Amino acid sequence: MTGNATFRHHNTALLAVASVEAPVVVSSADFDEQLAPSLKRLRLSKRMLERVAGVSERRWWAPGTSFDDAAIDAGAKALAEAGIEPGQIGLLINTSVTRRNLEPSVAVKIHNGLGLPSSAMNFDLANACLGFVNGITLAANMIDSGQIKYALIVAGEDAQATQEATFRRLNAESSTRDDYLREFATLTLGSGAAAAVIGPADLHPGGHRILGGVSRAGTEHHELCVGGPEGMFTDTKGLLDNGLDLVVSAWHEAHGDGWNWTAMDRYVTHQVSNSYTNAIIKAVNLVKARVPITFPKWGNVGPASLPMTLAQEAQSLNPGDRVLCMGVGSGLNTAMLEIAW
């Protein structure tokens, strides 16, 4: 079976989107120094992260700061920007990939840290790098139905422990060039946090209308990128090729279903690397100048990547601008979400 899932929202608006940058800058040159023994032994050149992926640096949290603390900070910032009190929130969705334990959910600490009411539903929604966009869609459906009035979607990511474990594996005498290539994508990850508040458009005429979009699954490719606390193992070429096919199929079917995304004012994509971004731009003929790039300084911040980029772009968007959020998540899944600014 093939085809898109299509969703249209009638009374939902983005009221605020906020981000929190992790403060410790770690350059790709620093990573090269960490991996110097294996790079020399395997006869691999330095600066591959910059030359191949385009990632010059990424960020880690300061000692004593956890990813869920950062998600709380991002949530508080988004609530303040939206002018919404914690007591008004009816739903909290945490979309972080990072987690310390299987249960309870990460959402419970964030719910408590923000002082949300007992009536606010709270849970984790995990779908790799696509989780934040999925969270917005789910919350928008609940707002449209009248079940809730306001929702808060958050994500907080921490790449440090996974990357340090990767250093140890790749510097072992038994590691191979294939091991390095399978774990190369892990070295592009970064840390950061983001949050968005959405609510009923009719009560917030100055909000940014969430119009809807499409999603499409290609789950036959679920083994191309598999990650856990100890590392992420990726078939980089397979992920790029099949992810690109999925995006192109979803894009063309969406235009046959009445969407028109050929002349958007901004295309906010999930940030991965040079090759991924350039391939998407070429495949669906995007205007390159309208695709903001943040991966060189943040790396791939998982589900926080897209909303962090959107928060950065919010300062330069004008009322009436059309924004398309586009992402692919391991699994594979893709989604496209239109916002009328």
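The values are calculated or read from the model by the stated rules, or taken from the named source; none is laboratory data. None of the values given here were measured: they were computed from a predicted structure. Please note: Cβ atoms are built from the backbone with ideal geometry, for glycine as well, and neighbour counts cover all protein chains shown. Ligands, DNA and RNA are stripped out before the accessible areas are found, and what is left, the full protein with its side chains, is counted by its heavy atoms. Shrake-Rupley method; radii C 1.70, N 1.55, O 1.52, S 1.80 Å.
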_Being touching a Leu at 6+ places or on another chain (Cβ under 6 Å), open to solvent by 20 Å² or more (accessible area, probe 1.4 Å) and not in a loop (DSSP other than H, G, I, E, B): is that true of Leu211 here?_
no
*Just wondering, is there one or more residues in the range 56-64 that are polar (S, T, N, Q) and more than 28 Å from Ser175 (Cβ to Cβ)?*
no
*Going by the conditions given, is Gly115 touching a helix residue (DSSP H, G or I) at 6+ places or on another chain (Cβ under 9 Å), open to solvent by less than 10 Å² (accessible area, probe 1.4 Å) and closer than 27 Å to Asp73 by Cβ?*
no
*asked:* Restricting to the range 33-68, and then to whatever is among the charged types (D, E, K, R) and more than 18 Å from the chain's Cα centre (by Cα), can you tell me which residue is most open to solvent (accessible area, probe 1.4 Å)?
replied: Arg43
*Output yes when any residue across the range 91-104 is at pLDDT 95 or above, open to solvent by less than 70 Å² (accessible area, probe 1.4 Å) and among the small types (Gly, Ala, Ser), and no when none is.*
yes
*Could you check, for the range 300-319, whether at least one of its residues is in contact (Cβ under 8 Å) with a residue 24 or more places away in the chain, over 26 Å from Asn11 (Cα atoms) and over 14 Å from the mean Cα position of the chain (by Cα)?*
no
*Is it fair to say Ala193 is surrounded by 17 or more Cβ atoms within 10 Å (Cβ to Cβ) and either polar (S, T, N, Q) or under 30 Å from Leu317 (Cβ atoms) (or both)?*
yes
*Check on Asn171, touching a His at 6+ places or on another chain (Cβ under 6 Å), polar (S, T, N, Q) and farther than 30 Å from Gly87 by Cβ*: no
*Residues of the range 224-239 satisfying the condition of being outside any helix (DSSP H, G or I) and either touching a Ser or Thr at 6+ places or on another chain (Cβ under 8 Å) or closer than 20 Å to Ser96 by Cα (or both)*: Leu224, Cys225, Val226, Gly227, Gly228, Pro229, Glu230, Gly231, Met232, Phe233, Thr234
_Restricting the range 171-190 to residues that are of a type in the set (A, V, I, L, M, F, W, C) and open to solvent by 10 Å² or more (accessible area, probe 1.4 Å), the residue that is nearest to the chain's Cα centre (by Cα)_ = Leu189
*asked:* I'm trying to understand the selection: among the residues of the range 21-32, which are out of contact with any helix residue (DSSP H, G or I) (no Cβ under 8 Å at 6 or more places or on another chain) and either open to solvent by 80 Å² or more (accessible area, probe 1.4 Å) or hydroxyl-bearing (Ser, Thr, Tyr) (or both)?
replied: Pro23, Ser27
*asked:* If I ask for residues that are surrounded by fewer than 19 Cβ atoms within 10 Å (Cβ to Cβ), under 30 Å from Ala36 (Cα atoms), of a type in the set (A, V, I, L, M, F, W, C) and in contact with a strand residue (DSSP E or B) (Cβ under 8 Å, 6 or more places away or on another chain), which ones from the range 124-170 would you list?
replied: Ala165
*May I ask you to verify whether Ala78 is under 20 Å from the mean Cα position of the chain (by Cα), under 27 Å from Met232 (Cβ atoms), crowded, with 24+ Cβ neighbours inside 10 Å and among the hydrophobic types (A, V, I, L, M, F, W, C)?*
no
